[in-house]
Structures are given as C-alpha cells and as structure tokens.
Amino acid sequence: MFKKSVQNFSGKICEVEIGTGEKAIKLGGESVLPFYSFDGNVGNTPKVGMEISDIVPEDWSDALKDLYKDVISDPVAWAKFVEEKYAPDFICLKLDSADPNGLDKAPEEVAKGAKAVAEAIKTPLVVAGTGNHDKDAKLFEKVAQELDGHNVLLLAAVEDNYKTVAAAGAMAYNHKIGAESSVDINLAKQMNILVNQLGVANDKIVDNAGSAAAGYGYEYVVSTLDRIRLAALGQNDKTLQVPIITPVSFDTWKVKETVELEADSPQWGSQEDRGIAMEIATATGVLASGSNAVILRHPKSVETIKNFVNALLG
C-alpha cells in the first residue's frame, strides 16, 4: 500500500496582525511551503490588497483611471468605494503627494490625509511611502503618530531610514513595519536583524523582499522567495521567520507590455487585458513562492487571485 511521505520542517513563520476589529487580518503562521496543505499547517490564507493613491495618479493607465473616475480625486471616497465594491483583504494607500519629485507636500499634511482614510474604512490599511528614503523617514514619523490605534503596516523601512521608521512606527505607536530589501536573501536577513536589534520583534515585521513584473528579472524574485522560505522553515532561521508582502502593482503597470497603447501596437490587443494578465501572472508566481500578501490595482486581478487562493486551499 502506498504511503505518501510528509515533509516536516522545524521552523514556523511568525504571525503578524494588521488592522483592528472584525476586519483585522493575520499574515503568516505557516510551517510548510506555500499551499502545501498535504504536509501540514499552511497558516493564514494569503491576503489580497488593492492599491489607491492620495492624489490622482497621472501615470496610471486610462482604463484604471476610468474605473475610479468618480472617486479618484478624493482618497477617502476612493478607499470607501474600493472597500464596498471589491472587498479586498486590505487597502494600500500610496502617499504619492509627498514625493519630492512631485507635489512634495509636507509630512504633517499628508499624514492628516492618511488619517482621514483610516478613519473612513474598517478594512486594514497598508501605507506606502514615496521611495525617497529621507522623505519617507519624516513622513512615516508623522503617519505613525496620526494613525495611532489603527495598527497599520508602514511600507517600508530600508537600511537608510529603518531606525526612524521602526522606532516611530513599531516602538512608539505599535504599528507594523515593512522591512524592504532588494531581491537577495542575505539583504533580507540583514534588514530583519537590524530591525530586531532596535528592539522590534518578528511579530511586528513584514518583509518586502523585492518585486518585479513577470519576465523582468522575475526569476530572481521567485527564487529569492523560495530560498527565504526554505531557510526559515528548513534551517529554522529565526531572522527570516516573518511574513512576506509583495507590491505587485508597483512594477507590473510600468513595463512595456502594460503601458504600450493599443493604437501603437494593435497586434498586442487590449491594453487593459495585458495589464490584468501581467498582474495575475506576477501575483500567482510570488504567492506560490512564499509571499503571504500581494498588492494589486485592477479589480479583475483581485477577483482572479482570490479565486486562485481559494481553489488551492479550498
């Protein structure tokens, strides 16, 4: 009689909670590889979030802007619309208005806007910065203060600003911290160690180990996620035993396949369909390699990925 072998790991991914109340979500908690329910405890179901911006995102495709045309100029209305119509597991508010290369709004003003969004919804909030490390340090300090009590995830702390972001976010105001690194297991480990050494425990850390659109150095992303998970579970490496979030939409809507207009390349078909396909292809790969949460833009991508997760975990 055939007896199926079971792969047992000594490690377990830490559980991290974001949000408050009945809609709060938990990431991580697994002690097996992604979707390996036949081997043991798969932890919390992977979560799917939707990205919005605190200003009209001019670089978004016309199809996306058209979807949100009635609310796109008001982040509070946009967040409520997304919550009610698409019911994502969380909402990612990108603070584009603070970008020094754009409007360069003051951290105090931007943080008050983020607070208005947090107070208008019950869905957990992930707050993404500008990518400018100096500005983000000042920004997240104010955001952490204004959003006290909302238990948000601040995305993200990097080597240049982690002391400020982690101290304000996790230690002063008890939020969760995204530790960001650039598609390398050693860099991911190093960031977590640095944040741990400040006194922030693993149950307040979510890794952003890097992202790329499918076909654009993507194999490095999925192989890095694989290595991180195998080290965390198989080698019981406690510095890597934290959930992973991948901001898929940040990359997938910038590549040629999604920005090329139909008028310029009619043989490529619908620009909107290309964007959705790229987002879905990228999200499925990172989830299968170890990501516990993905950030997406298009409602069809969200619906498809939710169905994908439910089909695999039943």
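Things worth noting here:
- Proximity of backbone amide H atoms, modeled 1.01 Å from N, is registered between I244 and D207, N292, A293 at under 5 Å, excluding neighbours fewer than 5 places apart on the same chain.
- Phi angles across the range 38-43 convert, under the Karplus curve 6.51 cos²θ - 1.76 cosθ + 1.60 with θ = phi - 60°, into 3J(HN,Hα) values of 6, 9, x, 7, 8, x Hz, Gly and Pro given as x.
- Its alpha carbons give the range 118-215 an Rg and a Dmax of 13.0, 41 Å.
- Pairs over the 24 Å Cα-Cα cut-off, from the set K105/K300; K23/K94; K12/K135; K256/K300: K105/K300; K12/K135.
- Euclidean distance of C-alpha centroids, the range 129-147 and the range 1-65, integer Å: 25 Å
- Directionally averaged shadow of the chain, computed from the convex hull of its alpha-carbon atoms, nm²: 16.8 nm²
- For the options L154, L287, L67, a Gaussian network treatment of the chain with springs between C-alpha atoms closer than 10 Å singles out L67 as fluctuating the most.
- Within the listed set V286, V206, V110, the residue fluctuating most in the Gaussian network model of the chain (springs between alpha-carbon atoms under 10 angstrom) is V110.
- Computed over the chain with a Gaussian network model linking Cα atoms closer than 10 Å, the most mobile of F38, F250, F81 is F38.
Read the figures in this text as sums done on the coordinates, not as results from a lab. Not measured: the values here are computed from a predicted model.
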